[in-house]
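Before any comments, here is the structure.
The values are calculated or read from the model by the stated rules, or taken from the named source; none is laboratory data. Values in this document were obtained by computation on a predicted structure and should not be read as measured data. Note that each Cβ is placed from the backbone with ideal geometry, even for glycine, and that neighbours are counted across all protein chains shown. We work out accessible area using only protein heavy atoms, side chains counted, and drop any ligands, DNA or RNA first. Shrake-Rupley method; radii C 1.70, N 1.55, O 1.52, S 1.80 Å.
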Amino acid sequence: MKGLTDIPGILVGHASDYDGLTGCTAVLCEGGAVAGGDIRGSASGVEEWDLLSPMHVTGRIHAVVFSGGSAFGLEASSGVRRFLEHKGIGFKTGAGPVPLVVGAILYDLGIGKKGVRPTREMGEAAAAAATDKAVVEGAVGAGTGATVGKILGMKQAMKSGIGSWTVALEGKNAGVMVSALAAVNSVGDVRDPATGKIIAGARKASDSMEFADSARLMKTSGPTGFTRENTALVVVATNAALNKVEAAKLAQLAQLGMARAINPVNTMSDGDLVIALSLGKATAPIDALGVAAAEAAAESIVRAVRLAPTLGGIPGLKK
(Lines give C-alpha, C1' and ligand atoms only; values in the text may rest on other atoms or scores of the structure.)
Protein backbone atom coordinates (compact mmCIF):
# COMPACT_ATOMS: atom_id res chain seq x y z
CA MET A 1 0.00 0.00 0.00
CA LYS A 2 1.18 3.53 -0.83
CA GLY A 3 -1.22 5.51 1.35
CA LEU A 4 -3.36 8.25 -0.16
CA THR A 5 -1.84 7.75 -3.62
CA ASP A 6 -3.40 4.28 -3.76
CA ILE A 7 -6.44 6.15 -5.07
CA PRO A 8 -6.01 6.64 -8.84
CA GLY A 9 -5.96 10.33 -9.73
CA ILE A 10 -4.38 11.46 -6.43
CA LEU A 11 -0.89 12.96 -6.34
CA VAL A 12 0.88 14.00 -3.12
CA GLY A 13 3.87 16.28 -2.74
CA HIS A 14 5.67 17.86 0.22
CA ALA A 15 7.85 20.92 0.71
CA SER A 16 9.80 21.03 3.97
CA ASP A 17 12.00 23.65 5.65
CA TYR A 18 14.13 21.89 8.27
CA ASP A 19 15.77 25.13 9.37
CA GLY A 20 12.50 26.92 10.06
CA LEU A 21 10.77 23.60 10.92
CA THR A 22 7.68 24.20 8.83
CA GLY A 23 6.29 23.07 5.49
CA CYS A 24 3.26 22.23 3.40
CA THR A 25 1.67 19.25 1.69
CA ALA A 26 -0.19 19.39 -1.62
CA VAL A 27 -2.81 16.78 -2.52
CA LEU A 28 -3.58 17.18 -6.20
CA CYS A 29 -6.62 15.77 -8.00
CA GLU A 30 -5.98 17.30 -11.40
CA GLY A 31 -8.96 15.60 -13.02
CA GLY A 32 -11.22 17.02 -10.32
CA ALA A 33 -12.72 15.36 -7.26
CA VAL A 34 -16.13 15.58 -5.65
CA ALA A 35 -15.43 16.83 -2.14
CA GLY A 36 -17.01 17.37 1.26
CA GLY A 37 -15.74 18.51 4.62
CA ASP A 38 -16.39 18.46 8.34
CA ILE A 39 -14.88 20.73 11.02
CA ARG A 40 -15.21 19.71 14.69
CA GLY A 41 -12.41 21.63 16.34
CA SER A 42 -13.05 25.23 17.40
CA ALA A 43 -9.75 26.82 16.31
CA SER A 44 -9.56 26.00 12.60
CA GLY A 45 -7.90 28.03 9.86
CA VAL A 46 -9.16 27.36 6.33
CA GLU A 47 -9.34 28.77 2.82
CA GLU A 48 -12.08 28.21 0.22
CA TRP A 49 -13.97 25.91 2.61
CA ASP A 50 -17.31 26.80 1.01
CA LEU A 51 -16.24 24.87 -2.10
CA LEU A 52 -17.05 21.75 -0.06
CA SER A 53 -20.64 22.77 0.60
CA PRO A 54 -23.38 20.93 -1.32
CA MET A 55 -24.90 24.40 -1.85
CA HIS A 56 -21.84 25.65 -3.74
CA VAL A 57 -22.21 25.83 -7.54
CA THR A 58 -18.91 24.06 -8.27
CA GLY A 59 -19.04 20.27 -8.39
CA ARG A 60 -15.34 19.43 -8.08
CA ILE A 61 -12.11 20.71 -6.57
CA HIS A 62 -8.56 20.29 -7.87
CA ALA A 63 -6.35 20.28 -4.77
CA VAL A 64 -6.16 20.24 -0.99
CA VAL A 65 -3.26 21.99 0.75
CA PHE A 66 -2.26 21.39 4.36
CA SER A 67 0.28 23.84 5.71
CA GLY A 68 2.15 24.90 8.80
CA GLY A 69 2.58 28.56 9.65
CA SER A 70 -0.83 29.19 11.19
CA ALA A 71 -2.85 31.71 9.14
CA PHE A 72 0.32 32.83 7.38
CA GLY A 73 0.56 29.35 5.87
CA LEU A 74 -2.62 29.82 3.87
CA GLU A 75 -0.37 31.60 1.38
CA ALA A 76 0.90 28.18 0.26
CA SER A 77 -2.46 27.48 -1.38
CA SER A 78 -1.81 30.34 -3.81
CA GLY A 79 1.32 28.56 -5.03
CA VAL A 80 -0.61 25.37 -5.69
CA ARG A 81 -3.27 27.39 -7.47
CA ARG A 82 -0.61 29.04 -9.65
CA PHE A 83 0.99 25.67 -10.45
CA LEU A 84 -2.34 24.21 -11.59
CA GLU A 85 -3.21 27.31 -13.61
CA HIS A 86 0.03 26.98 -15.56
CA LYS A 87 -1.02 23.41 -16.41
CA GLY A 88 -4.41 24.59 -17.64
CA ILE A 89 -6.26 22.88 -14.78
CA GLY A 90 -9.25 24.45 -13.08
CA PHE A 91 -12.87 25.50 -13.24
CA LYS A 92 -13.48 26.64 -16.80
CA THR A 93 -14.32 30.32 -17.23
CA GLY A 94 -14.39 32.67 -20.21
CA ALA A 95 -11.01 34.07 -19.24
CA GLY A 96 -9.32 30.75 -18.52
CA PRO A 97 -9.26 28.02 -15.86
CA VAL A 98 -9.51 28.87 -12.14
CA PRO A 99 -8.08 26.06 -9.98
CA LEU A 100 -10.28 25.29 -6.98
CA VAL A 101 -7.98 24.70 -4.00
CA VAL A 102 -9.07 24.10 -0.41
CA GLY A 103 -6.48 24.99 2.23
CA ALA A 104 -6.16 24.27 5.95
CA ILE A 105 -3.41 25.19 8.39
CA LEU A 106 -1.83 24.04 11.62
CA TYR A 107 0.14 26.07 14.15
CA ASP A 108 3.87 25.32 14.25
CA LEU A 109 5.22 28.82 14.93
CA GLY A 110 6.60 27.86 18.33
CA ILE A 111 9.07 25.15 17.32
CA GLY A 112 11.27 26.51 14.52
CA LYS A 113 12.92 29.75 13.47
CA LYS A 114 10.87 32.84 14.19
CA GLY A 115 9.30 34.48 11.15
CA VAL A 116 9.72 31.46 8.84
CA ARG A 117 6.41 30.30 7.36
CA PRO A 118 5.24 28.45 4.26
CA THR A 119 5.07 30.76 1.26
CA ARG A 120 3.46 30.76 -2.16
CA GLU A 121 6.75 29.49 -3.56
CA MET A 122 6.76 26.61 -1.08
CA GLY A 123 3.23 25.68 -2.10
CA GLU A 124 4.26 25.71 -5.74
CA ALA A 125 7.25 23.49 -4.91
CA ALA A 126 5.02 21.01 -3.08
CA ALA A 127 2.69 20.84 -6.07
CA ALA A 128 5.61 20.39 -8.47
CA ALA A 129 6.89 17.53 -6.30
CA ALA A 130 3.51 15.77 -6.25
CA THR A 131 3.62 12.16 -7.43
CA ASP A 132 1.58 8.98 -7.36
CA LYS A 133 4.41 7.13 -5.58
CA ALA A 134 4.11 6.00 -1.97
CA VAL A 135 3.39 8.92 0.36
CA VAL A 136 6.46 10.07 2.27
CA GLU A 137 5.55 10.05 5.98
CA GLY A 138 6.97 11.44 9.20
CA ALA A 139 8.24 14.97 9.81
CA VAL A 140 7.72 16.21 6.26
CA GLY A 141 5.52 18.76 4.53
CA ALA A 142 2.79 20.11 6.77
CA GLY A 143 4.03 17.77 9.47
CA THR A 144 7.59 19.16 9.58
CA GLY A 145 6.92 21.21 12.71
CA ALA A 146 3.94 19.27 14.05
CA THR A 147 3.79 18.23 17.71
CA VAL A 148 1.30 16.49 20.03
CA GLY A 149 0.49 16.43 23.74
CA LYS A 150 0.85 20.12 24.55
CA ILE A 151 -1.38 20.48 27.59
CA LEU A 152 1.74 20.96 29.78
CA GLY A 153 3.55 23.12 27.23
CA MET A 154 6.00 22.47 24.40
CA LYS A 155 8.82 21.33 26.71
CA GLN A 156 6.76 18.28 27.63
CA ALA A 157 5.25 17.64 24.18
CA MET A 158 6.31 15.09 21.56
CA LYS A 159 7.10 15.28 17.86
CA SER A 160 4.54 14.32 15.25
CA GLY A 161 4.17 14.63 11.49
CA ILE A 162 2.40 13.12 8.49
CA GLY A 163 0.89 9.62 8.31
CA SER A 164 -1.04 7.88 5.54
CA TRP A 165 -2.89 4.57 5.25
CA THR A 166 -5.29 2.69 2.98
CA VAL A 167 -8.13 0.34 3.88
CA ALA A 168 -9.41 -1.99 1.14
CA LEU A 169 -13.00 -3.19 1.30
CA GLU A 170 -13.75 -6.88 0.79
CA GLY A 171 -16.47 -9.28 -0.34
CA LYS A 172 -19.16 -7.60 -2.43
CA ASN A 173 -17.24 -4.32 -2.08
CA ALA A 174 -13.90 -5.75 -3.24
CA GLY A 175 -11.93 -3.31 -5.35
CA VAL A 176 -13.12 -0.29 -3.38
CA MET A 177 -10.52 1.58 -1.32
CA VAL A 178 -10.54 4.40 1.20
CA SER A 179 -7.25 6.11 2.01
CA ALA A 180 -6.31 8.83 4.48
CA LEU A 181 -3.50 11.30 5.06
CA ALA A 182 -3.17 13.04 8.43
CA ALA A 183 -1.10 15.99 9.61
CA VAL A 184 -1.23 15.68 13.40
CA ASN A 185 -0.62 18.70 15.64
CA SER A 186 -3.10 18.02 18.41
CA VAL A 187 -3.17 19.31 21.97
CA GLY A 188 -4.24 15.82 23.01
CA ASP A 189 -2.35 12.53 23.20
CA VAL A 190 -2.24 9.94 20.42
CA ARG A 191 -3.45 6.50 21.53
CA ASP A 192 -3.25 3.11 19.88
CA PRO A 193 -6.91 2.35 19.00
CA ALA A 194 -6.28 -1.37 19.48
CA THR A 195 -5.13 -1.04 23.11
CA GLY A 196 -6.20 2.43 24.22
CA LYS A 197 -2.65 3.06 25.43
CA ILE A 198 -0.94 6.42 24.87
CA ILE A 199 1.91 6.13 22.39
CA ALA A 200 2.80 9.83 22.10
CA GLY A 201 1.67 12.83 24.11
CA ALA A 202 2.26 15.06 27.09
CA ARG A 203 5.08 13.84 29.33
CA LYS A 204 5.27 14.27 33.10
CA ALA A 205 8.58 16.13 32.80
CA SER A 206 10.81 17.41 30.01
CA ASP A 207 13.39 14.73 30.79
CA SER A 208 10.85 11.91 31.12
CA MET A 209 9.09 9.61 28.67
CA GLU A 210 6.35 8.81 31.19
CA PHE A 211 3.00 10.06 29.94
CA ALA A 212 0.96 12.52 31.98
CA ASP A 213 -2.40 11.54 30.38
CA SER A 214 -3.87 14.77 29.00
CA ALA A 215 -7.49 13.64 29.34
CA ARG A 216 -6.98 12.91 33.04
CA LEU A 217 -5.25 16.26 33.54
CA MET A 218 -8.12 18.06 31.86
CA LYS A 219 -10.60 16.44 34.24
CA THR A 220 -8.57 17.05 37.37
CA SER A 221 -6.56 20.20 36.76
CA GLY A 222 -8.39 22.13 34.09
CA PRO A 223 -6.85 23.53 30.89
CA THR A 224 -3.31 23.76 32.25
CA GLY A 225 -1.44 24.80 29.14
CA PHE A 226 -4.22 25.19 26.61
CA THR A 227 -3.68 27.66 23.78
CA ARG A 228 -5.55 27.78 20.48
CA GLU A 229 -2.48 26.57 18.60
CA ASN A 230 -3.30 22.95 17.75
CA THR A 231 -5.09 20.86 15.17
CA ALA A 232 -5.31 17.56 13.33
CA LEU A 233 -5.88 17.80 9.58
CA VAL A 234 -7.10 14.74 7.69
CA VAL A 235 -7.95 14.14 4.05
CA VAL A 236 -9.65 10.90 3.05
CA ALA A 237 -10.11 9.76 -0.53
CA THR A 238 -11.97 6.91 -2.19
CA ASN A 239 -12.27 5.42 -5.65
CA ALA A 240 -16.03 5.12 -5.07
CA ALA A 241 -18.32 7.58 -6.82
CA LEU A 242 -20.04 9.98 -4.40
CA ASN A 243 -22.07 13.15 -4.66
CA LYS A 244 -21.25 16.18 -2.50
CA VAL A 245 -23.72 15.23 0.24
CA GLU A 246 -22.21 11.74 0.45
CA ALA A 247 -18.69 13.19 0.46
CA ALA A 248 -19.65 15.39 3.42
CA LYS A 249 -21.01 12.32 5.21
CA LEU A 250 -17.78 10.43 4.51
CA ALA A 251 -15.84 13.27 6.14
CA GLN A 252 -18.12 13.10 9.19
CA LEU A 253 -17.66 9.34 9.53
CA ALA A 254 -13.89 9.66 9.15
CA GLN A 255 -13.92 11.95 12.20
CA LEU A 256 -14.68 8.85 14.26
CA GLY A 257 -11.19 7.60 13.47
CA MET A 258 -9.73 10.83 14.79
CA ALA A 259 -11.66 10.34 18.02
CA ARG A 260 -10.30 6.80 18.38
CA ALA A 261 -6.69 7.89 18.00
CA ILE A 262 -6.55 11.30 19.73
CA ASN A 263 -7.69 12.07 23.28
CA PRO A 264 -8.81 14.71 24.10
CA VAL A 265 -9.93 15.70 20.59
CA ASN A 266 -12.10 18.38 18.93
CA THR A 267 -11.39 20.78 21.80
CA MET A 268 -11.74 24.54 21.95
CA SER A 269 -7.98 24.63 21.35
CA ASP A 270 -7.95 22.40 18.24
CA GLY A 271 -8.91 23.10 14.64
CA ASP A 272 -9.66 19.45 13.82
CA LEU A 273 -11.15 18.84 10.39
CA VAL A 274 -11.57 16.22 7.67
CA ILE A 275 -11.84 16.71 3.91
CA ALA A 276 -13.22 13.83 1.83
CA LEU A 277 -12.49 13.32 -1.87
CA SER A 278 -14.28 11.04 -4.34
CA LEU A 279 -12.53 9.95 -7.54
CA GLY A 280 -13.51 6.99 -9.66
CA LYS A 281 -16.60 5.01 -10.56
CA ALA A 282 -16.65 2.14 -8.05
CA THR A 283 -19.71 1.69 -5.86
CA ALA A 284 -20.14 0.84 -2.19
CA PRO A 285 -22.58 1.84 0.57
CA ILE A 286 -21.60 5.11 2.25
CA ASP A 287 -21.70 3.47 5.68
CA ALA A 288 -19.19 0.83 4.56
CA LEU A 289 -16.97 3.57 3.18
CA GLY A 290 -17.32 5.42 6.48
CA VAL A 291 -16.14 2.43 8.50
CA ALA A 292 -13.09 2.16 6.26
CA ALA A 293 -12.47 5.93 6.41
CA ALA A 294 -12.46 5.89 10.21
CA GLU A 295 -9.97 3.00 10.22
CA ALA A 296 -7.72 4.72 7.66
CA ALA A 297 -7.82 8.02 9.54
CA ALA A 298 -6.98 6.40 12.89
CA GLU A 299 -4.05 4.44 11.46
CA SER A 300 -2.75 7.51 9.64
CA ILE A 301 -2.73 9.45 12.91
CA VAL A 302 -0.86 6.66 14.68
CA ARG A 303 1.69 6.52 11.86
CA ALA A 304 2.17 10.28 12.03
CA VAL A 305 3.68 9.96 15.51
CA ARG A 306 5.37 6.59 15.12
CA LEU A 307 7.33 7.80 12.08
CA ALA A 308 8.31 11.21 13.47
CA PRO A 309 11.93 11.66 14.63
CA THR A 310 13.22 14.03 17.29
CA LEU A 311 13.39 17.58 15.92
CA GLY A 312 13.70 21.03 17.43
CA GLY A 313 14.49 19.51 20.80
CA ILE A 314 11.11 17.72 20.84
CA PRO A 315 11.47 13.92 21.22
CA GLY A 316 9.99 11.66 18.56
CA LEU A 317 9.37 7.93 18.41
CA LYS A 318 11.33 7.20 15.24
CA LYS A 319 14.93 6.31 15.99
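Considering A304, A282, the condition of being surrounded by 23 or more Cβ atoms within 10 Å (Cβ to Cβ) and either at pLDDT 95 or above or in contact with a Pro (Cβ under 6 Å, 6 or more places away or on another chain) (or both) is satisfied by A304 alone. If you filter the range 137-164 down to residues that are aliphatic (A, V, I, L, M) and assigned to a strand (DSSP E or B), you find that the one that is surrounded by the fewest Cβ atoms within 10 Å (Cβ to Cβ) is M158. Go over the candidates A241, A261 one by one and state the one that is buried (at least 21 other Cβ atoms within 10 Å of the Cβ), more than 12 Å from the chain's Cα centre (by Cα) and hydrophobic (A, V, I, L, M, F, W, C). Being buried (at least 21 other Cβ atoms within 10 Å of the Cβ), more than 12 Å from the chain's Cα centre (by Cα) and hydrophobic (A, V, I, L, M, F, W, C) holds for just one of A241, A261, which is A261.
For the range 170-245, the strands (runs of 3 or more DSSP E) that sit wholly inside it and include 1 or more residues that are touching a Ser or Thr at 6+ places or on another chain (Cβ under 6 Å) are 177-185, 189-191, 231-240.
Does the range 61-68 contain any residue that is of a type outside the set (V, I, T), in contact (Cβ under 8 Å) with a residue 60 or more places away in the chain and either in contact with a Ser or Thr (Cβ under 7 Å, 6 or more places away or on another chain) or open to solvent by 50 Å² or more (accessible area, probe 1.4 Å) (or both)? Yes, there is a match, as at least one residue in the range 61-68 is of a type outside the set (V, I, T), in contact (Cβ under 8 Å) with a residue 60 or more places away in the chain and either in contact with a Ser or Thr (Cβ under 7 Å, 6 or more places away or on another chain) or open to solvent by 50 Å² or more (accessible area, probe 1.4 Å) (or both). Just one of the listed residues (A180, A146) is among the small types (G, A, S), closer than 17 Å to Y107 by Cβ and touching a residue at least 24 places away in the same chain (Cβ under 8 Å), namely A146.
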